[in-house]
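Peer 1: The structure is given below, and queries will be raised subsequently.
The values are calculated or read from the model by the stated rules, or taken from the named source; none is laboratory data. As the structure is a computational prediction, the values presented were derived from the model and not from experiment. All Cβ positions, even for glycine, are placed from backbone atoms using ideal geometry, and neighbour counts span all protein chains on display.
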Amino acid sequence: MVFQVRWSGQIELRNKRAREEVAKQYYNAVANVRAIRAMALESVFRAQFERSLGTAMRTGVQGAFITGCGFGIVNALIYVAEAALFYVGAVLMAHEGYSYLKMLQALNLVVFSVTIAAQLLSFIPYLGTDTDESKGTLRFPVDGRISFDRVQFSYPARPDTLVLKDISFQVDQGECVAIVVRTTGGSIRINKHPISDADVRYLREHIGVVSQHPALFDASVTENIMFGSTRTTFEEVQNAAKAAQMHDWIMSQERGYDTTLGEGAALISGGQAQRLQIARALVRQSNILIMDEATSALDPANQDAIMDTVMAIKQDRITLIVTHKLAVMQRCDEFWSFRME
């Protein structure tokens with residue numbers, strides 16, 4: 001019994017850690033679902049979640065087997081003891097004058113009821129890979145030029161109110177353009193191909209997004225930079241961090257590139273989080289970089305550092321910056337202002 005209790009405690013500890021890993025992967029996926037969809041990382045997080053589920057299942061099955069064997073042995077000993085009691089009782093009744101009532105009274109003093117239960121977690125149903133945004137299948141080169149041709153846009157809650165009306169412009173590779181919005185129809189084209197005809201997952205794999213609220217995960221620096229890049233080498237991760245001006249800070253940490261960022265990247269500053277997002281975009285070799293109010297919460301020093309990084313990497317890609325800050329607009333090659341009607 002002592003050994004059984006000890007083994008059960010160790011097994012439960014392993015099961016608990018496996019379940020915690022499943023919960024962690026689930027939380028990361030749900031909390032950052034917008035960023036995951038934007039960067040086409042569904043398959044990466046699905047694979048991580050399924051691996052953690054598989055580990056939890058294997059740990060649970062092994063634990064159930066070992067625990068079941070332990071309880072089986074204990075219960076077997078109880079039944080052996082019960083058989084021995086019946087035998088002794090029968091001998092006493094036959095030779096010592098014991099009555100049947102006395103034998104039952106002795107048996108009632110033995111408690112032999114023990115139950116076990118094992119419950120396996122079922123796999124979460126697979127999410128469909130199709131999206132509602134587009135049913136296209138084309139995989140054209142995502143570089144060269146972006147063209148907006150009489151684009152109209154309205155929010156789903158107010159379909160009759162156009163936020164954008166007949167917007168047309170072009171952005172060439174190597175240009176950095178600031179977009180200012182003052183408080184769907186048409187077409188958007190990349191290399192003359194309408195994006196409505198594009199394979200959505202393929203298109204997202206070639207677009208890097210740096211948002212106002214950094215989409216970083218409770219993982220190491222290397223893992224955060226490499227998310228979605230299955231063939232990335234560690235040298236490429238370092239080069240991207242250097243280009244994003246993060247390498248020196250990373251190497252100053254005790255664990256270097258294995259440094260954990262904490263939940264919601266709480267262990268680093270806003271400027272560092274934005275630069276890590278840029279490093280991720282560089283590793284993914286995104287031909288289009290979209291920055292959505294990426295400097296809105298930064299102080300002037302961090303803002304200048306981020307813009308220095310953007311200016312250094314913009315030659316090999318198309319860069320679109322949505323901003324309300326004049327200092328950011330002045331660093332761009334062009335800026336366009338849209339008035340909301």
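Peer 1: So is Asp132 charged (D, E, K, R) and modelled with pLDDT under 65 or not?
Peer 2: Considered against the rule, which asks whether it is charged (D, E, K, R) and modelled with pLDDT under 65, Asp132 comes out as yes.
Peer 1: Same structure again: Among the residues of the range 220-250 satisfying the criterion of being more than 20 Å from Asn302 (Cα to Cα) and touching a Leu at 6+ places or on another chain (Cβ under 7 Å), which is modelled with the highest pLDDT? Steps first, please.
Peer 2: Taking the range 220-250 and keeping what is more than 20 Å from Asn302 (Cα to Cα), we get 220, 222-224, 226-239.
Subset that is touching a Leu at 6+ places or on another chain (Cβ under 7 Å): 224, 227-228.
Working: Asn224: 82, Phe227: 76, Gly228: 64.
Across the range 220-250, the extreme among qualifying residues is Asn224.
Peer 1: Could you tell me whether Ala81 is part of a helix (DSSP H, G or I), small (Gly, Ala, Ser) and at pLDDT below 75? It would help to see each step written out before you state the result.
Peer 2: Numbers: part of a helix (DSSP H, G or I): yes; small (Gly, Ala, Ser): yes; at pLDDT below 75: yes.
Here the answer is yes, as Ala81 does meet what is asked.
Peer 1: Could we say that Ile318 is hydrophobic (A, V, I, L, M, F, W, C) and modelled with pLDDT under 85 here?
Peer 2: So Ile318 passes the test.
Peer 1: Of these, Gly262, Gly256, which one is at positive phi and modelled with pLDDT of 85 or more?
Peer 2: Gly256
Peer 1: Run Ala281 past the list (1) closer than 30 Å to Pro141 by Cα; (2) modelled with pLDDT of 80 or more; (3) not hydroxyl-bearing (Ser, Thr, Tyr) and report the number of the one that doesn't hold.
Peer 2: Status for Ala281: all satisfied but (2).
Peer 1: Anything in the range 161-189 that is at pLDDT 75 or above and crowded, with 18+ Cβ neighbours inside 10 Å? List them, or say none.
Peer 2: Val171, Glu175
Peer 1: Hey, another quick one. Testing Ala47 on (1) over 12 Å from the mean Cα position of the chain (by Cα); (2) of a type outside the set (S, T, N, Q); (3) surrounded by fewer than 18 Cβ atoms within 10 Å (Cβ to Cβ); (4) within 30 Å of Asp199 (Cβ to Cβ), one condition comes back false. Which one is that?
Peer 2: Of the numbered conditions (1) over 12 Å from the mean Cα position of the chain (by Cα); (2) of a type outside the set (S, T, N, Q); (3) surrounded by fewer than 18 Cβ atoms within 10 Å (Cβ to Cβ); (4) within 30 Å of Asp199 (Cβ to Cβ), the odd one out for Ala47 is (1).
Peer 1: Now for a different question. Do any residues in the range 320-332 that are part of a strand (DSSP E or B) have Cβ atoms under 9 Å from those of residues that are among the aromatic types (Phe, Trp, Tyr) and at pLDDT 80 or above, where the two are at least six apart or on different chains, and which pairs are they?
Peer 2: Correct list of pairs: empty, since none qualify.
Peer 1: Mind checking which helices (runs of 4 or more DSSP H) fall wholly inside the range 200-298 and carry at least 3 residues that are touching a helix residue (DSSP H, G or I) at 6+ places or on another chain (Cβ under 6 Å) and either crowded, with 23+ Cβ neighbours inside 10 Å or assigned by TED's automatic domain parsing to the domain that holds Ile318 (or both)?
Peer 2: Because the criterion is at least 3 residues that are touching a helix residue (DSSP H, G or I) at 6+ places or on another chain (Cβ under 6 Å) and either crowded, with 23+ Cβ neighbours inside 10 Å or assigned by TED's automatic domain parsing to the domain that holds Ile318 (or both), the helices (runs of 4 or more DSSP H) in the range 200-298 that meet it are 221-226, 234-243, 270-283.
Peer 1: Related question: Report whether or not Ala106 is modelled with pLDDT under 70, on the phi < 0 side of the Ramachandran plot, of a type in the set (A, V, I, L, M) and not in a loop (DSSP other than H, G, I, E, B).
Peer 2: Details: modelled with pLDDT under 70: yes; on the phi < 0 side of the Ramachandran plot: yes; of a type in the set (A, V, I, L, M): yes; not in a loop (DSSP other than H, G, I, E, B): yes.
Here the answer is yes, as Ala106 does meet what is asked.
Peer 1: A further question on this structure: Among the residues of the range 5-62, write down those that are among the small types (Gly, Ala, Ser) and under 30 Å from His206 (Cβ atoms).
Peer 2: Ala29, Ala31, Ala35, Ala38, Ala40, Ser43, Ala47, Ser52
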